[in-house]
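Accompanying notes for the structure given below.
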Amino acid sequence: MINLKIFPEFRLDVKMRIRYVQAPDLDERVKRIVELLDLSHIDPDRVKCVRSYGTNAPKTIARIHGISKAFLTGVGMKPHYVIEFIAEKFDKLPDDEKDEIIIHELLHIPKTFSGSLLDHGRIDFDGEVKVLHKILKRKLSREASQNSSR
């Protein structure tokens, strides 16, 4: 018999709650990618990252959240974005795939940095991610070779 005090997830009538945790390591990674790719329309100080635990979105690894213009105006805030990383999936990935996912989520941010989001029909996300990821890898490689020659 399963001890439900130790394994509460086995109770059929208990709904798992999603838990969000700030991810400063991913904030830094996003800043680095924005800088290296010269995505000058993005203010990385207003893009925050969280890891979520317990979500059951089967195909989702990450998603970006924006805030409506009405809300921002109402509370007197500048636009911000939150990128949510599904920890159980994202954290297992190799660094290259993590970078591709981050680039994909950043592509949802419009040039106006308004708080709104670009949907998948607006641009060729797969193509853009491939091009930007290739540029990122080249810059990281060049940076690593310069650091090793010092």
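The values are calculated or read from the model by the stated rules, or taken from the named source; none is laboratory data. These numbers come from a predicted model, not from an experiment. Ligands, DNA and RNA are excluded from the accessible area calculation, which covers all protein heavy atoms including side chains. Shrake-Rupley method; radii C 1.70, N 1.55, O 1.52, S 1.80 Å.
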message: Connecting C-alpha atoms closer than 10 Å in a GNM of the chain, tell me which of ILE42, ILE18, ILE102 has the biggest fluctuation.
response: ILE18
message: How tilted is helix 125-148 with respect to the longest principal axis of the chain? Cα atoms for both, answer in degrees (0 to 90, nearest 10).
response: 70 degrees
- prompt: Mind listing the Cα extents of the stretch 49-150 along all three principal axes, in Å, largest one first?
  reply: 53, 32, 29
Cross-link pairs beyond the 27 Å C-alpha cut-off, checked among LYS92/LYS139; LYS69/LYS98; LYS59/LYS130; LYS59/LYS139; LYS31/LYS111; LYS111/LYS137: LYS69/LYS98; LYS59/LYS139
task: For helix 24-36, report the angle its Cα long axis makes with the longest principal axis of the Cα atoms of the chain; keep it between 0 and 90° and round to the nearest 10°.
output: 20 degrees
field: Surface per residue (accessible, 1.4 Å probe) for the chain, Å²
entry: 67 Å²
query: Per-residue ellipticity at 222 nm for the chain, helices alone: DSSP H runs ≥ 4 residues times -39500 (n - 2.57), over residue total, nearest 500 deg cm²/dmol?
result: -12500 deg cm²/dmol
- request: Whenever you get a sec, compute what percent of the accessible area on the chain sits on carbon and sulfur atoms (1.4 Å probe).
  value: 54 percent
Karplus 3J(HN,Hα) series, Hz, for the stretch 37-51 with 6.51 cos²θ - 1.76 cosθ + 1.60 (x for Gly, Pro): 8, 6, 7, 5, 6, 9, 8, x, 6, 10, 10, 10, 10, 9, 9
